[in-house]
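Worksheet: one structure, shown below.
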Amino acid sequence: MNLTPRVLVSAATRASLAARVGSAATLLALEDVADDATQAVHAAFISRDITGLSTKTRLLPALQACYRVLRRSPQLAWVHTHSAGVDRPIYAELMARGVAVSTSSGANAEVVAQTALGAVLALSRRFPQLLAAQRERRWAPLVAGPLPPDLAGQTAVLLGWGPIAQRLQPLLALLGLHVVVVRSSAMSAGPGIETVPFGALDQVLPRADWLLLACPLTAQTRGRIDAAALARLPAGAHLVNVARGEIVVEADLVAALQRGRLAGAFLDVFETEPLSETSPLWALPGVMLTPHAAGHAAGNAARTADIFIDNLQRWTRGEPLRNAVA
């Protein structure tokens, strides 16, 4: 750019990254410009502290203020987000204006993969039932009933092949699980990894002792795990969703769990967040719920900042952005 670009960030981000940015850009703190209609920006970094506890359906003040600045900035050319997904409506709106959008995909992949692995271990060892017995001060040894099957030799169908899935697959394999990767293309996920294209998902579901969702929300994946898909899973299968809630038809999942068709589920994401207090999912046995927290870790801020700084340098040089959204 011929002029020094003005980049919208949080006050905390400006304080922590100003020295690294130097003279490459002028960092404007959201807190200083949110209510100043004369201030427009060329770029923005939507960091975790701006999003805060907002969801797609409930926008808190900081995120609302950020969106106002973006919408009133006619020279806005690029927005970087701390998240890996861009299924919030604002991103489609910005891209329709010709604004480039990039993500922090990969920054929390290790953390989410660890969460999914923990979910498999916890469900396979029946932690939900054991913890329920603990709360009731009830001695309930597993040997009193049908014993949990060994993980080794079971099959995990992994939907998606992004950074999370790529980290999760070898962890599952270390436990002795056979992993079938379902990805958007027919290209192999790697030597020795069984891989099928997305269109073949129904063919592999009957083999899935574990169905793990680690894919983005797209027109193709929205509502894909419905009653028909769940019915193709073998009786006693488990579902782990660390992707997006809208990939699963929640009412169909509740029905499958209530009928005992599924042995259990780990759900970090939901069709509507926060999850309603009246949802049956809260009390179903064999179900573990977390509040969209699978990717949260202390190191994420530094990793997303590194990606933003790299992209800022690329953007000011006119180079292709890392994790650019097509």
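None of the figures in this text is laboratory data; all of them are computed from the coordinates on show. Remember, predicted model here, so these are calculated numbers, not experimental data. Ideal geometry is used to build each Cβ from the backbone, glycine not excepted, and the neighbour counts take in all protein chains shown.
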From a point 7 Å beyond the Cα of residue 140 in the direction of its Cβ, which residues of segment 267-297 have a backbone N at a distance under 12 Å?
284-287
Fraction of the pair-distance distribution of the chain above 30 Å, Cα-Cα pairs, percent
41
FRET efficiency (residue 227, residue 15; Cβ distance; R0 51 Å; to 0.05) is 0.50
Where the centre of each part is set by its Cα atoms, how far does segment 13-50 sit from segment 229-276, in angstrom?
40
Could you list 51, 115, 81, 57 so that the one with the fewest beta carbons within 10 Å of its beta carbon is first and the one with the most is last?
57, 51, 115, 81
Would you kindly state how much longer the chain becomes between residue 23 and residue 95 on full extension, computed as 0.36 nm times their sequence separation minus their alpha carbon distance, in nm to one decimal?
23.2 nm
Any idea how far the Cα center of segment 295-313 sits from the one of segment 84-163, in Å?
22
For residue 187 paired with residue 121, estimate the spin-label separation in nm (one decimal), with each label point 7 Å from Cα along the Cα-to-Cβ line.
3.2
What value, in deg cm²/dmol to 500, does the helix sum -39500 (n - 2.57) over DSSP H runs of n ≥ 4 give at 222 nm once divided by the residues of the chain?
-10000 deg cm²/dmol
Using every pair of alpha-carbon atoms in segment 5-89, split the distances into 10 Å bins beginning at 0 and state the percent of pairs per bin, rounded to integers.
18, 54, 26, 2
Using 1/(1 + (r/R0)^6) with R0 = 51 angstrom and r between the beta carbons of residue 132 and residue 219, what's the FRET efficiency to the nearest 0.05?
0.85
Are there trypsin sites (Lys or Arg not before Pro) in segment 218-301 that DSSP puts in a loop and that have at most 11 other Cβ atoms within 10 Å, and which ones?
259
Whole-Hz couplings from phi, Karplus 6.51/-1.76/1.60, listed for segment 259-269; x for Gly and Pro
6, x, 5, 9, 7, x, 7, 10, 10, 9, 9
Distance in nm between residue 203 and residue 290 label points, each 7 Å along Cα→Cβ, equals 3.4
What whole-number volume per residue, in cubic angstrom, does the convex hull of the C-alpha atoms of segment 109-289 give?
118
With a 10 Å radius around each residue's Cβ, average the other Cβ atoms per peptide and rank 116-122, 163-169, 189-195, 286-292, highest first.
163-169, 116-122, 286-292, 189-195
Sorted largest first, extent of segment 152-227 alpha carbons per principal axis (Å):
33, 25, 18
